[in-house]
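Take a look at the structure below.
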Amino acid sequence: VDVAETGPPPTPIERAEGEPLRIVLTGDSITMQVDPHLRAVFGSEAVIKPRRHGGTALCDWFAARDEELGIENLAWWRPHVIVVDHGGNAMTPCMADDDGRPLEGEAYLAKYLADSDYLVEVARRTGTRVLFVDQPVGRGGSLSRTLNIFPSMPERHPGGMVRYVSTWPALSPEGNFVQSARCADEEPGCVGGWGELRSPRPYGHLEDLGAWRYAQVIAEAFVEAGWITADAVGPGAPDLPLPVGFPRICQPWNGVQNRPDLTELERIALHDLWWTGTGSLGLVWDTSDDQPHAGLATELRSPDGGERFDEALDRRQALLELNPGLVTLAEVRYRDAPYVDDPEGRPWWDRGYYPADSPFWLRDADGNPVPGWGEDADGDGRIEADEILGSLTDFGNPDLIELVARKVHALEHSGVVDGVFLDWWNEDHQTSASFLDWSAFHMSAEEEVQGRLAILRRIRELVGDDFLILVNTNDRTAPRSAPYVNGTFMEVWKPDWSTGYTVDRLLTVEDTLSWASGELLEPRINCLEGWRVVDDYGNEATQVDERNSEENRRWMRLFTTLALTHSDGSVVFGDDNAEPTRDHHHNWYDFWDVDLGQPVGVKRTIHGGVEGLFIRRFTNGFAVYNRSGAEQEVRLPGSYVAVSTGRVGEVHTVGDMDGEILLG
């Protein structure tokens, strides 16, 4: 039976006035890209609970695999529709045989079919409809492994409660992989009537245009099924909170120091992404003589103790008037915090983040708090005990996790920020060792990961998916955190403050940046930070001039163009954290004043077949990044101006370990 031609009967959903559709969306990395566009299409007509993660299979979202996230446990919510958008992964234990090997052939098909039938049975218990979605053709003509399963589901379960839709007509016409397509100006990712549907080689994921059209396919299937009316479905195209032009520059905490001609707000507004502590935002945690510990507070106040945030909101509005695309985040502590051993005699506002005897502190074998972070205040090149600024906390403690999440909820409720920043985010290595010697760890690797994931899950339960989360992963990926976070701060440390970066290090940065550009929640707010070469260690008076040296300007151009050619995120080039001065200060470079417009070229495009020479086209020109090992000529389709030199021509020379912006 050709389900697409016969069509199951409509099965309208009865809803009270103002009651939104309750949708469960389960799937893999493709689904993660479609999710924000689907939310935009449905708008206030639907509430979507996500059950999706890169690499997962349908069975990963059953209670037998994950009790907490099992779809069966949403029966209380009585979802109207479950959208099943899995491409057929078999990388997890629930899709393995008794020997731990991925299921193949008939065993694979039988397992996926049984899981699909089981999901329909789960849905039947609550009168829930099910829509199975077939993903588009992959690069090289690969087909989704559920193609032989999902189309049969309406026939196996007749009556209209179970339906199937294919994305092929929209994204893979006649079964072909399509990289880019003509588009309308109102479609996201469409520039000059043309846009990218799929990620650049070697990936086969979606760009904004493809994800939006995918969401439209699902919405149209809802209309055809009678689950929603056509006039209730919006046009999509989510309004991403980012400015229009590139390059985009981020400000981690501290800002620009070479523009005294600008006010503080004007210097902040040069950037497109900024995060800082609550105090810099005009907010304080509600402490008092009775409860003097900021870490225990879950309500905010203005600095004068008031419950209204008029000054903070006015400051935010002033920044947005200067830069309407500015995204502002607040840092929330979870891994370490200031510890005060003897609070007697101290004012109530200086009593330590938690009480000295709190179970939240991690302690060594002698019962002492473990040093978690410090700065080389005396400039002798090492950090000593009296230079420690924070002690480690047990972020696996459920009560601490709840406090962290409720702080985030309070920040979301304030309306002063767009999201939060969480530092020290690591899924590969432990961070729970003394900052003085890193000789012993006080949480296991899995305890750390589970603690971080529990924080993210609880935050999302309280604030939903629209409040932004940025985490500091340095140059590493964080796949287990990916379903919950919108961006990574790639604070690319280096072991020697007096030198730059190696090609091997840049290769790691490229791979992680490309991963973050495709695997995290939308809207994505990635920030890449490179550190300058330091000559005069610890001399604050020379920092502005050192940042402007020819060597450091070259590294600035390299990091800027690396970000432009490998992502749609922001970048900054600042001081090396090893220095005994405040971290992340930077100069503002005229290289950042240009407007490249919107990207229209594919990320990670190699120019002229030269390995390590990357180019990407924008509406107003090109970005070129060169780590090929030699100076390279770049030939362009017309006359362009090199921003760093002012040279005009069709052929430009870009040095090794350098980059250039070319405006036309």
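Among what's in segment 297-339 and is of a type outside the set (D, E, K, R) and part of a strand (DSSP E or B), pick the residue that is farthest from G277 (Cα to Cα).
V327
Take W588 and decide whether it is in contact with a Ser or Thr (Cβ under 9 Å, 6 or more places away or on another chain) and either assigned by TED's automatic domain parsing to the domain that holds D475 or surrounded by fewer than 23 Cβ atoms within 10 Å (Cβ to Cβ) (or both).
Spelling it out, it is not the case that W588 is in contact with a Ser or Thr (Cβ under 9 Å, 6 or more places away or on another chain) and either assigned by TED's automatic domain parsing to the domain that holds D475 or surrounded by fewer than 23 Cβ atoms within 10 Å (Cβ to Cβ) (or both).
V544: closer than 28 Å to I383 by Cα and either in a helix (DSSP H, G or I) or not assigned by TED's automatic domain parsing to the domain that holds R333 (or both), yes or no?
Taking the combined requirement at face value, the residue satisfies it.
A quick yes/no check of all residues on (1) of a type outside the set (S, T, Y); (2) in contact with a Leu (Cβ under 6 Å, 6 or more places away or on another chain); (3) within 30 Å of W493 (Cα to Cα):
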position: N587; (1), (2), (3): yes, no, yes
position: F591; (1), (2), (3): yes, no, yes
position: R627; (1), (2), (3): yes, yes, yes
position: G646; (1), (2), (3): yes, no, no
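Return a yes/no flag: does segment 526-534 have any residue that is surrounded by fewer than 24 Cβ atoms within 10 Å (Cβ to Cβ), in contact with a helix residue (DSSP H, G or I) (Cβ under 7 Å, 6 or more places away or on another chain) and closer than 25 Å to A211 by Cβ.
no
Examine segment 519-535 for a residue that is in a helix (DSSP H, G or I) and modelled with pLDDT of 95 or more, and state whether such a residue exists.
no
Of everything in segment 460-489, what is in contact with an Asp or Glu (Cβ under 7 Å, 6 or more places away or on another chain) and assigned to a helix (DSSP H, G or I)? Give them in sequence order.
Correct list: V463 only.
In the same structural domain as V34 (by TED's automatic domain parsing), in contact with a strand residue (DSSP E or B) (Cβ under 8 Å, 6 or more places away or on another chain), without any contact (Cβ under 8 Å) to a residue 40 or more places away in the chain and over 30 Å from N620 (Cα atoms): which single residue out of M161, M153 fits that description?
The conditions single out M153.
What residue, of S391, S358, S414, is in contact with a strand residue (DSSP E or B) (Cβ under 6 Å, 6 or more places away or on another chain), polar (S, T, N, Q) and outside the structural domain of P523 (by TED's automatic domain parsing)?
S391
Answer with yes or no whether H607 is over 25 Å from the mean Cα position of the chain (by Cα), modelled with pLDDT of 95 or more and over 12 Å from I249 (Cα atoms).
Here the answer is yes, as H607 does meet what is asked.
Being out of contact with any Pro (no Cβ under 7 Å at 6 or more places or on another chain) and closer than 17 Å to A123 by Cβ narrows it down to one of G70, G43, G55, so name that one.
Step by step, each of G70, G43, G55 is checked, and only G70 is out of contact with any Pro (no Cβ under 7 Å at 6 or more places or on another chain) and closer than 17 Å to A123 by Cβ.
Applying the selection to segment 152-176, what residues are farther than 18 Å from H86 by Cα and surrounded by 16 or more Cβ atoms within 10 Å (Cβ to Cβ)?
H157, G160, M161
This table checks each residue for (1) out of contact with any strand residue (DSSP E or B) (no Cβ under 9 Å at 6 or more places or on another chain); (2) of a type outside the set (A, V, I, L, M); (3) surrounded by fewer than 22 Cβ atoms within 10 Å (Cβ to Cβ).
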residue: A184; (1), (2), (3): yes, no, yes
residue: G189; (1), (2), (3): no, yes, no
residue: Y214; (1), (2), (3): no, yes, no
residue: G226; (1), (2), (3): yes, yes, yes
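Test R457 against the criterion of being in a loop (DSSP other than H, G, I, E, B), among the basic types (K, R), outside the structural domain of Q33 (by TED's automatic domain parsing) and modelled with pLDDT of 95 or more, and give yes or no.
Considered against the rule, which asks whether it is in a loop (DSSP other than H, G, I, E, B), among the basic types (K, R), outside the structural domain of Q33 (by TED's automatic domain parsing) and modelled with pLDDT of 95 or more, R457 comes out as no.
Being touching a residue at least 24 places away in the same chain (Cβ under 8 Å), β-branched (V, I, T) and over 18 Å from V594 (Cα atoms) is the filter here; which residues of segment 633-653 pass it?
V634
Does segment 424-434 include one or more residues that are assigned to a strand (DSSP E or B), touching a residue at least 40 places away in the same chain (Cβ under 8 Å) and of a type outside the set (D, E)?
Yes, because at least one residue in segment 424-434 is assigned to a strand (DSSP E or B), touching a residue at least 40 places away in the same chain (Cβ under 8 Å) and of a type outside the set (D, E).
Among the residues of segment 574-595, are any within 30 Å of L206 (Cβ to Cβ) and assigned to a loop (DSSP other than H, G, I, E, B)?
Yes, some residue in segment 574-595 is within 30 Å of L206 (Cβ to Cβ) and assigned to a loop (DSSP other than H, G, I, E, B).
Output yes when any residue across segment 602-611 is free of Cβ contacts under 8 Å to residues at least 24 places away in the same chain, surrounded by fewer than 20 Cβ atoms within 10 Å (Cβ to Cβ) and in contact with a Ser or Thr (Cβ under 7 Å, 6 or more places away or on another chain), and no when none is.
Taking every residue of segment 602-611 in turn, at least one turns out to be free of Cβ contacts under 8 Å to residues at least 24 places away in the same chain, surrounded by fewer than 20 Cβ atoms within 10 Å (Cβ to Cβ) and in contact with a Ser or Thr (Cβ under 7 Å, 6 or more places away or on another chain).
Mind checking which residues of segment 375-394 are crowded, with 17+ Cβ neighbours inside 10 Å and either part of a strand (DSSP E or B) or free of Cβ contacts under 8 Å to residues at least 60 places away in the same chain (or both)?
Listed by number, the residues that qualify are I383, E387, I388, G390, S391, L392, T393, D394.
Among the residues of segment 60-69, is there at least one that is closer than 19 Å to R524 by Cβ and part of a helix (DSSP H, G or I)?
There is no residue in segment 60-69 that is closer than 19 Å to R524 by Cβ and part of a helix (DSSP H, G or I).
With respect to P580, is the statement that it is of a type outside the set (V, I, T), touching a residue at least 60 places away in the same chain (Cβ under 8 Å) and assigned by TED's automatic domain parsing to the domain that holds H271 true?
So P580 fits the description; yes.
Would you call L636 surrounded by fewer than 21 Cβ atoms within 10 Å (Cβ to Cβ) and either in contact with an Asp or Glu (Cβ under 8 Å, 6 or more places away or on another chain) or in a strand (DSSP E or B) (or both)?
yes
Out of W438, W425, I need the residue that is aromatic (F, W, Y) and at pLDDT 95 or above. Which one?
The conditions single out W425.
Which one of V463, V420 is modelled with pLDDT of 95 or more and on the phi < 0 side of the Ramachandran plot?
Being modelled with pLDDT of 95 or more and on the phi < 0 side of the Ramachandran plot holds for just one of V463, V420, which is V420.
Being within 28 Å of the chain's Cα centre (by Cα) and more than 19 Å from G419 (Cα to Cα) is true for just one of E307, E299, E266. Which residue is that?
Exactly one residue qualifies, and that residue is E266.
Considering only residues that are out of contact with any Phe, Trp or Tyr (no Cβ under 8 Å at 6 or more places or on another chain) and among the aromatic types (F, W, Y), look in segment 300-348 and name the one that is surrounded by the fewest Cβ atoms within 10 Å (Cβ to Cβ).
So the residue we want is W348.
Do you know which residues across segment 302-354 are of a type in the set (S, T, Y) and in contact with a Gly (Cβ under 6 Å, 6 or more places away or on another chain)?
Residues satisfying the conditions are Y339, Y353, Y354.
The values are calculated or read from the model by the stated rules, or taken from the named source; none is laboratory data. Model, not experiment: these values are computed from the prediction. Please note: Cβ atoms are built from the backbone with ideal geometry, for glycine as well, and neighbour counts cover all protein chains shown.
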